[in-house]
Each structure stands twice: as structure tokens, then as C-alpha cells.
Amino acid sequence: MNRNPREPSAVEFGAEFRRFSLDRSKPGKFDEFYGLLQHVHRIPNVDLLVGYADVHGDLLPINNDGNYHKAITTAAPLLRLFLQRKEEADYSAFGTESLTRKKTPAALAAVLLRPDGNRKKPPIIISLPQDFRPVSSIIDVDILPETHRRVRLYKHGQEKPLGFYIRDGSSVRVTPQGLEKVPGIFISRLVPGGLAESTGLLAVNDEVLEVNGIEVAGKSLDQVTDMMIANSHNLIITVKPANQRNNIVRRGGRDASGSSGRSSDSGTSFYMASNAIAMTPSHIIQNFRPEEEEDSEDEEDLVIEGGGAAIPIGHVAASAGVTCSMPSLPRYEPHLNLRTSNGGMAASASMDTVSHKDQDMEVQAVARRSLEEDGTVITL
Amino acid sequence: MMKFRFRRQGNDPQRERIKQELFAFNKTVEHGFPNQPSALAYDPQLQLMAIGTKSGAIKVYGAPGVEFTGLHKDTAAVTQIHFLSGQGRILSLLDDNSLHLWEIGGKEGHSYLEEVRSFSLPGRPGIESTSATRVTVLLLKLNLDLLCVGTEGGGVHFLQLPTFSLLDRSLFHDEVMQSAPEEYKCGKSLGPVEALQEHPQQAEKILIGYSRGLVVLWDLNTRHVDNLFLGKQQLESLVWERSGNTFVSSHSDGGYLVWTVNSSTPCTHQPTTSTIPYGPFPCKAVNKILWRTTETGCVNAAQRTVGGMPRASYGDRHCLTILQDSTHVTLDFTSRVIDFFTVHCIDQEKEYDDPTSLVVLLEEELVVIDLATPGWPTIPSPYLAPLHSSAITCSYHISNVPSKLWERIITAGQSQSANQTHGDWPICGGRSVAPESKQKELLLTGHEDGTVRFWDASGVSLQPLYKLSTANIFQTDCDHNDSLTQAGEEEWPPFRKVGCFDPYSDDPRLGIQKICLCKYSGKLVVAGTAGQVIVMYLSDEKSDHMIDVATVDLLQDREGFTWKGHDRLPPKTGSVVFAPGFQPVVLVQCIPPAAVTAVTLHAEWNLIAFGTSHGFGLFDYHRRAPVLARCTLHPNDSLAMEGPLSRVKSLKKSLRQSFRRIRKSRVSGKKRAVISNPTSKVQEANAQLAEQDAEMAPVQRRIEARSADDSLSGVVRCLCFADTFLRDGTHHGPTMWAGTNSGSVYAYALEVPSQEKFSEQSVEAVLGKEIQLMHRAPVVSIAVLDGRGNPLPEPYEVSRDLAKAPDMQGSHSVLIASEEQFKVFMLPKVSAKTKFKLTAHEGCRVRKVALVTFTSVSSEEYCENGLVCLTNLGDIHVFSVPALRPQVRYDCIRKEDISGIASCVFTKTGQGFYLISPSEYERFSLSARVITEPLCQVDVDRLHDLTVLRYSKLSHCLHLQFEHNEVFSCVIKICSSKYLQARMKLPVLSSPFLESPNSSADLTLDTTGELTVEDVKDFLVYVLHLDTLYVSCGRAVYEGAVNDS
């Protein structure tokens, strides 16, 4: 096996190369392999980032048993490994196309061993996929009218501010008595760099309809503010976006046309067409683990024992008389795929009106089961 | 997303029934002094007093416990009140020139006050054309059938009572002027009617005083001027002498004149005597004068005048002068005199008035002078307590006070009121039928001037028991010395300070912030604005001792903080004399001297805990030794160091913003006005820009999770002591808990030596747990619950067998209430057990919480613990404990009433108090069982029962032509029913002035059987000008209409 270890130090670009062999049929565990690498390079206490070049020339990480075994199986027969010190790791090197153009070891080395001075600007550091965590998501698409959007913002105790403001306003509703102007709460401002802005799911003048499942109708601005702050660790806001063009359109032409609330014969073909273009299940990322959700649902107070370390307060299992324990969310948790750019597909959605809300709900109830299987696609 | 929705409790009918037996919301009674009183009246027969306020309320008081409240539909100021003596009826005149008739009715053995009639005169304030009919003075004739109305225009109108029908007998200037001598006329108007007085002996004669000074004795029957008194000084008021031979007029120059009525000389030019008591320099007007006779010595004995002070020297004083023979006292009040009356003999047979007391209504208090006792001492009032004699800064309630402590406090209080007689309260009408309260309840109010007042809150009338002053242990700038106020012998006028309303505080640092009292040991902790914490002990003996002073540094050498607020109060050096009552034992002063924000006391352990915006401390007052001090400041918190004054800074921005908004709205408002001007294009553009700007910055709220370094995050919000399991589940012991503004809770395990070793061994405190609530909302309250979920008893309750011992076997839990949610944690692990997220669900924030025991109405045996919570929206929620299930919700206080919400206190039995004005507590009840409300009875003697007539609109009466013939020809419609069958009692109004063929004396139809339309017709003759007729028939009321066309 060809190994291409890297010991980037100030003294030299001097890459150290080691070559050793493994039994392909018994590769063992990743941890053992990792220990072996540290051993052969005599760097027992250095955190390493292990990568390999796959058959396409992509630099892919090895950090668990799964991708370790995968790497071993792809070795043909030589497996080229790249080691980097973790703190100095150049994450941008990972991913597709990183190695495709330069398939030679020299080229690979050139990628990895670029002297710092030659870099025009510092590369964007992207964490490893498992280090990603959701910061926001659109949820409950299957049960909401298409004109509405339910957005979940995950605070996770991070430093980034939620970053938005709300204001009073009025909106027009369709009531049995006709059109009626009713007071409403609207997003008035997004703080640049804040969570709300960076997700792209909330915009100025979006009308806030619910906060964590509780309707805001009839509540004052201060009340809604308090509700949002009280839920800020796990804020779920249902909005009616001011810009209705980017609404989620569901898969399945018939369902979609039904839930748009328009007569099916006039709308069907159009929706079929647009859906056919836009919807591909591959755009869905389901990187959200339900157990995480349970944790964030119940914020953990911190208890510091006198003189001891901090321990989070666990939830007493099955304690009697819990009023507020809530059933877990449906597992159906699509995450916005930012890389998708299927713009312009759902222009017709802006024609939806609030007045159709009620019949929407009925149609959806029927349609829900199939939706759950297919998932949802979000377009921007 | 239903899962987030408030989970409804299943509508279990059994549970609903229990809830109905436990909870009921009632606003029961208002304690204290009515805000902005504007009128006073007294009924000598029923011995009831009525007070009207600027907000349109009428409050009637009699014997202690007898109280009625009525509120006019329109919130106009009550300018005058008159009793229809003996009838239990009250006539009120409002600022909008409308007259209202109130009646004390009876229902189920309890009396209540209700409005039965109203009458609107066309005169409205501010409208010139109608000011002529604006009412200036009212006179109720003694036989109560006629109301004389004096107006601004100088006319006197006569209204028949109680129907308010205007009689066509009005008296105008010209009729009076006819009999006036030519030289008096000289083309000038007589001015408004200033006074109307009925002749004390001859009912048909009334005395009419005009502003210009003319006084007329008018005979109603003959419509003739009997006497003219040609006064030349502007008239303020008139009063008859009892015999009717003389009367007194008071004037705007500060003098009064005595006139003799002589039937032989119809025109009197000069008064018998003329006096200006405080002349010769210009004096203020004598607004009202009363003249009462006694048999001591001189014939004319007591005169009371209000005002009359020399303008230059004492123009700003509020005075009332009592003159009797050579005795002359000037009562010097601290607030404006509204009105006054005397309680005197009304028996017509007696020769003298013999006044027993003088009742003075001031703007801020009620003062009663005992005239029967030499020296004229004041009589303490059993109600209308001036709660706000210094502004209330905090309140504290103690339920179920042991009788021993109660008696000692009363004894201490009695020794304080040396200058008061304990004579009988003169106003004693009606009788209270409310059951005697089983428990003694104390309400303690802390005041701005450093006093703590103890009130008896057991019953309907809140009575002062004892006043504790903390100012005397500090050196303040002005040591007020009571002896200074006692006037020297030679001083003129002979001022005497009366009343206790004193809104000025010597030093704002003296203000009381927190109070805690142990009702079993008589130990009291009082904490104030300058970080002072005073431990006191109730002593029955006078004492002269030094006070131990200790300081506790709450910053704990934290670097980089400098206190920019006020200094601490310098304590007095040397020994201080203390009267029997609560006497200070030790004074603890916090450094920096920020206002104390939380305090608690454990008398059994001899410990106090106190907190400020910087941290909290624990102090052993037995050994006079600090046990613990902990700084809670966050390193980034700068605001906490600046003291209370610089909070203005944080307000600045928002103020600036709102001013900008106002300015903008003004600009945009002007736009339309200037639009025609061609040169104003720039202005217009500016206005438009400003408008756009305004649109760009609407009222908006930032949505951000609270971070740890919010300012004032270190403020200690609550402290509590508990004997519980903190370190392990097998050993319980003393603990102390503290909660801060940023959601931190600190729990300390305490080593408290046993009783015998208190002196030798010191108390130790070890940090046991530190809890950081993730939502970081301020911690409002902490309470420990025992194994059965009951709150732990108070100190001494168990050792003195006053409460059941707590369950120490099962696992304890701690209930932590933050502004946003309630959470119960199991002890000792501090694992979350139950919670309720109030703010996340309802959008409201917790302001006040209390653990309350609710007892069922159906059985005294059944009770439940509840967590009562008042929110920033002014509503009250009750939750079960420890399950934290929502039980009931009531709207209580308007959400705009921030001071009301901030002042609310709950009792342990499910009642509460909050301030509705600076001087009044509203008492409310959440319990269906424990209700303290006035239940009283007044026996009235009424010939004409108006209750069958109910409320009728009469406002157009003045515009009608009162030709009786026309009324007779009116078309009568009465319901659809031709016959009204039942036992009917029809009131017939006595109307001697009604010259109709059908008129007769009082006529009461009390017939069983059929009543025909003809009968009704007859009846209608008497109810004349009602446009709607209500006939009560058994329990039903039939409505009919009368057309006046």
C-alpha cells in the first residue's frame, strides 16, 4: 500500500512517506488502524485526519469502521492514504473533484502541500459531515396549507443570535362575513448574520401565525415576543411568507392541485409539469436524528454539584403527572437542501389564498400517507 | 401541530364540581381612602356618611363594617351628594350637570346600593349657551318632596321628588329684583345662586344667597320675598342659626356676617355683626361656614369656618377654624379640605345643636374631631385608613396571627396614639351582618419614609394597629422633632397640626423594600433602599440601648466594580430610646448599599438571608456574625453598579424614540393644513420623508434568547430556608436557597448548631447545588415541598404543634417558579419532575406567585394546595401542586395597571390585595370559602318604594311643556297584556303641587286581582313624565310606554 502521510511542519514541506501492508480480508477496526498509523509515523499523541483517494480520485475521509472498510475494499490494490494534523487540516481538500484532475501522487501532494504563502485567500473550512447539525428546517409540510411555512430554528446554545424582529400589523382574512382586516404579527427585520437570515426561511413582512403550535391571533406584540423568547432554544414559527413564490409544492400532481384549492381540471396539468421537473427525492437530506430532537425539546437545566462538575439534568423517566411531556415529532423531518436550485418552478403557488385553507386541510388528510413515504422537496 | 397545544384536562364532571367548590373569583371590598374624593354628605337620621369621588364612585359608610359602593355609569366627578334623610336615598350631582338618585335596597337580608333614577339638566360644562342652567347648589327640603336647584344663571328651579319632575315655578332674578331697592339694582346682575338654606322652623321659607351678596328669604307658597338682606361682599355660603332668628353668611374676603331676621323690616341693609377673623390684611375666602349652638355659656357658641387665612402668609395652607367663645383653634391640614359636617342633635324639640363631633373630609384623609371632649382631640377612624400617608413601597401579609402576638401589637399601638381619644365613633348607622372572621390577619405596609404600618386585615374595614419607624436609628439630614410642631402660646393664628398624611420623605434611602415577620417569635426583618437590613424583636417594655451594626460586603473583592449610587445610611451612635413595640436588635448593612431585593428569616435557626442586585448574604443575628456572602454579579454587568438613579440612562433611548414618533405624527398631521401653500413644498417633502421614516421604524420587538450577560442579571429575586434533603436522600438538614434574575439558583447546606450551643458554635454554609435554568428567566420564587407534595411548614409550627410535621420519609422536591415557567425538581438529585411553561403557552410572564391552601366550601376537611400566579397581563392562574396542572384562570387587574400588578400580595388562604390607587387596596378572593366582603343591613323607612319604578330616562323633561292637561291627554300603551294579574303594589307619588283632578294624597294600591288599563291610566297620572313605565308584578316587571305627544 502506498501511504502518503503528511507531517506539515514549519521546517519543511517534507512529506513523509510510509508504505505498509494490511490483510484485506481482515482489516480490523478503525481504531486499531488509526493506532497503527500513529505507530508507524511515531506520532502517538497527534490527532490525525485520515483520508484516502477513491477510485474516482476523490479525497474521502476515513474516520469510522464503515468508511475504513469501504476504503480497504476499494484498494486496487494500492490504497493511498493521506494524513493531516487535525488542527491544521485543510478540509476543503475533501470532496469530489478534489483529486480528479490531478490524479498523480505528485499532484495530490501539491494540493495538500500548498505553501501557505501561495494561497490567495484562506480556504473556507467545512466540517466533516457528521459534525454538521441542523440549524433550521421546514417541518410539517404535509399538514400545513401550502401558503404557510413552519420553520424550526435550532438554537443549541450556540452564540449566533436568532436575529429577527417582529412588529404589529394587519392582514386581510377571508371570513364567512367576507374580507376582514385583522391585526397580525409580522417579521419586521432580520439581523444580518443572524440565524433567521442565514437560513433563508424567514423574510421581512412574513406574517407570524403560530409560535410552537400556539396561534398568535388575539395576542399582543409583547405576548408574542415573550412566547418566542420563551421558546427560543427550539423555536417553531409558522409563517405565511410575504413572498408566496417560493412555497413548497408537494409531490404528486393530483394532491398538489387539490391542496392548492383550485379546481382540479384547470390546475392539474400545470402542477404535474412543474412537479415533474422539480421533484427528485435525492434532494432530501434526512440528517436529523429523532433522539436529538427529544433532547432539544426539553431544555436541560444545568446542575453544578457543590465543588463538582456540571451535569445536565436528565428527565425523570415516566414520572407520574407530567403535564408538559410531549409526544415526539413525526420522524418526517426534511431539511432544506441549499444546493438545489430549482427556481421558478412553483410560480403558481402564489395564487393560493388563505380562503382555501380549510379545504386544504381536508385534502391533505387524505394525501398525507403517500406524502410521508415520498418525502418533500424544497425549492428556493 | 397539536402536540404543542395546551393539553386540555378531560372535562371530568367530578373534578369540575370540586373545582367549583374550591375556586371562585370575587373582588370583595376596597380598603383605604378613596382616591380623589370630591363630595361629602351625612344623614343624621340613619347616621350614614357618603363620599363621592372624581371618578364617579359613591361610597357610603356607617358603623365599622357597613359599607356600600356605587359607581355612576359615566365617569364624571361627583360634585355634590345629599341624603334624603332617613329614606336611605342619596342624590348625587355630577360634573356633567346630571342628577342621580341612589337607593339602599335590601336583598336576602343584605343591603346594597343601586342607582334608580337620573335626571339631566341641559347645562354641560364648557358650553356657554347652557351654562345658565348649570347647577351650583342643591337644597333638599326637610320633608323630602322638593328639590330646589340653584343655577349659574341665577335661577332657582324646583323639582318634585323622587320623580325629578320639574315644576313650573322657577324663580328668576327679575322676580327677586322687583322687591330690591333701586339703589341696589344699579343694572348689575345678581350672579349665580351660591347658597340655598331652608328655614329651620318654617318649612315654606328658603334663604337664597346670590354671588353678588344679596340674600333673599323667599316664601315658596305665596311666591313672595319676605326679607331682603343687601350684602355687598361676594357671598360664599349661608347657614341658619337653629332658632331661625339669625343666619350667618361667609364671604370671599375672609369674613363672615351675622344677620338678624326681622319680619317687620323687609329690607335689611346692615348685618348685626361683621367679623374678619384673620384681618385686617387681605384674607382668603371663607368657603363654608357652619353655626352650631351649645348651652355652655354664650348663646352663640361654636362657629366653624374654612379658609379665611391671611392670603400673603398662609395662602397655601389648608385650614379650618373652630371658634367657641374664647376658644379659637385653627386646624392645619396637609391636604385640601373637600367638605365637612358636624354630628349634632337633630331633635327639633331641643334648644341647642350640641355638636358632638366634627367630620372633615380632606383630599387625602378623613379627620374626625371630638367636640365633646375638652381640647378637641381627634377620634381614630375605624375605616378610610390613609394607607398612603407616605407612599407605599411594599406590602406583606400574615394569615392566622396567634392571639398572643396580636394582643402585644395592639398594646404597642395603643401607647402610640396618646393624642387620640377612644371615644365612640360618631358615624354608626346600619349594622354589619358579616360573620366575625375566625382568623386574625395582619397586613404590613412598608413606606417611603421608612415606616412599617401594621393593619388589621381580618375584616372589611382595614384598621391601623401599630406604626413602626426605622428612621430613628439613622442619622438623617432633618431629624424631625414633633415638639416643634406644637405651636407656642402666642402664635397667631393658633395652628394645630391635624392628620397624618405626609407625602414628603426625609430621605429616600429610608424607604422600606422588603418585610418578613415570624408570627410565633415576634421577630421582624425590615430591609430598605440603602441596603439596610434591620432585625427587630417585639418588646413590651421601653428600652434604651445601642444597636449592633454589621456590614456585609456582597462584592467579595470582585475587581473592576465601583458603586456609583447612594451612600449607606449612617447609623446613630450611642444608645437610642425605643418605645414598647418592635425594637431593633441588629442592623446589617450591605456593601454596596443597593436596595434590598429579597429577604427571609428563620427565627428557629436565628438566621436571616438578604439579597441585593449584587449578591446575597446570610447572617446569624444571635451571634451577630455574618455566615456567608456571595456575589452573583456577572462580569459584564455594568448597570448593576450604577445605582438606581442612572437607570434613567437605559430609558433614554426608548424615550428618545417615542419622542421622535410623536414629533413625526405631528408633522404628518400638519401636512394637510399646509398643503395649499405653494411655498411649503419642501415642508411637505420633509413631512413625507418623516412619515416614511416613521413607517420604517415601527414598534418592533427583538426576538433573542436571553444571554448570560444581560444587565442586572445578578439581582437576587428570592430567598428561602428549608429543612430538606440537599446532599443525599437519607439526611435532611437546614438549607438556604437563592434565585437570581438570570435563572440561577444557589442552594446551600447549613450547619446550624442546636439551641443550646448557639452561642458557642457558629453556623456554617456549604454550597450544595447550583442550578442554571436554561431559559435564564428571573427566578420569582422557590419553595420546598415535602414527600406528600405539601409546602414545608413555617419555623416553629412543628415544634409548637401548630402544624402537622412534614413528611420526611418520602422524597422532597423543590418548586422553582421563574418568570416564564414553573418546574418541580426532585431532591436531592435535582432532576426535573413536572413543569409548566406558562410563557411559551400563553405569552404572559409571571409577576407574583404564592402557595395557597384552598378549602372546599362543602367541607372544611377537604383542601388542596395551589400555586397562585399573577401575570404581567393582570390575570390570575391557579395550578395544582405538585402536578402543576392548570386549574382556573381569572382576569383580575388591567394589564396597563403596572403599579397594581406590582403591589399584589396573596394570603395563604386564597385572598389577595392590590393597589387600585395610591391610597386604596382592592381585596379579592380566589377561594370559594374564604371571602371577606361587606355584608350589612340598613333599616330604612320609605313611604314610596321606587324599586317598582326602576330606572327611567328622564333627560328630556325640561323640554316638555308642563301643562297638566296635555299630559292627561297622552296616549297610554301598556304592554300587550290588558290585565296584569297579581298582587300589585303601585307607588303613587305625593304631589301637592300637582293641580290635577285626580291628585290626592299618598295612595297605595294594594289589591289582589285584576288591574285594568284604566287603573294603569290613573297610575300614570302620577308618574307623569316617564316615557317608559315599569310595573312590577310579583317578580316580573312589565314594561309599558307612555307617549307624550
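Being modelled with pLDDT of 85 or more and of a type in the set (Gly, Ala, Ser) is the filter; apply it to segment B:89-118 and report the residue that is nearest to B:ALA41 (Cα to Cα).
Among them, the one singled out is B:SER92.
Condition first: over 19 Å from A:ASP222 (Cβ atoms), among the small types (Gly, Ala, Ser) and either within 14 Å of chain A (Cβ to nearest Cβ) or free of Cβ contacts under 8 Å to residues at least 12 places away in the same chain (or both). Now tell me which residues in segment B:860-879 satisfy that.
none
Is at least one residue of segment A:52-59 out of contact with any strand residue (DSSP E or B) (no Cβ under 8 Å at 6 or more places or on another chain), surrounded by 13 or more Cβ atoms within 10 Å (Cβ to Cβ) and more than 20 Å from A:PHE17 (Cβ to Cβ)?
Checked against the condition, which is being out of contact with any strand residue (DSSP E or B) (no Cβ under 8 Å at 6 or more places or on another chain), surrounded by 13 or more Cβ atoms within 10 Å (Cβ to Cβ) and more than 20 Å from A:PHE17 (Cβ to Cβ), segment A:52-59 yields no hits at all.
Could you say which residue among B:LEU121, B:LEU139, B:LEU161 is surrounded by 19 or more Cβ atoms within 10 Å (Cβ to Cβ) and at pLDDT 85 or above?
B:LEU139
In segment B:832-858, what count of residues is obtained for those that are more than 7 Å from chain A (Cβ to nearest Cβ) and at pLDDT below 90?
The number of residues fulfilling the criteria is 1.
Taking the condition of being in a loop (DSSP other than H, G, I, E, B), within 13 Å of chain A (Cβ to nearest Cβ) and aliphatic (A, V, I, L, M), how many residues in segment B:761-794 meet it?
Looking only at that region, the number is 3.
Residue-by-condition table, conditions (1) modelled with pLDDT of 85 or more; (2) more than 8 Å from chain B (Cβ to nearest Cβ):
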| site | (1), (2) |
| --- | --- |
| A:ARG133 | no, yes |
| A:ARG149 | yes, yes |
| A:ARG152 | yes, yes |
| A:GLN158 | no, yes |
| A:GLY163 | yes, no |
| A:ILE185 | yes, yes |
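Within segment B:795-831, take every residue that is part of a strand (DSSP E or B) and more than 11 Å from chain A (Cβ to nearest Cβ) and give me the one that is surrounded by the fewest Cβ atoms within 10 Å (Cβ to Cβ).
The extreme case among them is B:LEU815.
Could you tell me which residue of segment B:164-175 is nearest to B:TYR210 (Cα to Cα), considering only residues that are surrounded by 20 or more Cβ atoms within 10 Å (Cβ to Cβ) and modelled with pLDDT under 85?
B:LEU166
Scan segment B:168-186 for residues that are closer than 23 Å to B:THR136 by Cα, in a helix (DSSP H, G or I) and not acidic (Asp, Glu) and jot them down.
Those that are closer than 23 Å to B:THR136 by Cα, in a helix (DSSP H, G or I) and not acidic (Asp, Glu): B:HIS173, B:VAL176, B:MET177, B:LYS185.
Return a yes/no flag: does segment B:728-736 have any residue that is hydrophobic (A, V, I, L, M, F, W, C), over 30 Å from B:GLY843 (Cα atoms) and within 14 Å of chain A (Cβ to nearest Cβ).
yes
Checking the condition of a type outside the set (A, V, I, L, M, F, W, C), at pLDDT 85 or above and surrounded by 13 or more Cβ atoms within 10 Å (Cβ to Cβ), which residue from B:ASN741, B:ASN686 passes?
On inspection, the qualifying residue turns out to be B:ASN741.
Yes or no: A:VAL249 at pLDDT below 90, surrounded by 19 or more Cβ atoms within 10 Å (Cβ to Cβ) and more than 8 Å from chain B (Cβ to nearest Cβ)?
yes
Determine if segment B:880-899 includes at least one residue that is among the hydroxyl-bearing types (Ser, Thr, Tyr), within 18 Å of B:GLU819 (Cα to Cα) and more than 14 Å from chain A (Cβ to nearest Cβ).
Scanning segment B:880-899, I find at least one residue that is among the hydroxyl-bearing types (Ser, Thr, Tyr), within 18 Å of B:GLU819 (Cα to Cα) and more than 14 Å from chain A (Cβ to nearest Cβ), so the answer is yes.
Output the residues belonging to segment B:427-469 that are at pLDDT 90 or above and of a type in the set (D, E, K, R).
The answer is B:LYS440, B:GLU441, B:GLU448, B:ASP449, B:ARG453, B:ASP456, B:LYS467.
Does A:VAL50 count as without any contact (Cβ under 8 Å) to a residue 24 or more places away in the chain and closer than 15 Å to A:LEU81 by Cα?
Judged against the criteria, A:VAL50 is not a match.
The values are calculated or read from the model by the stated rules, or taken from the named source; none is laboratory data. Please read these numbers as outputs of a predicted model, since none were measured by experiment. When we count neighbours, we look across all protein chains shown, and the Cβ atoms used for this are built from the backbone with ideal geometry, even at glycine.
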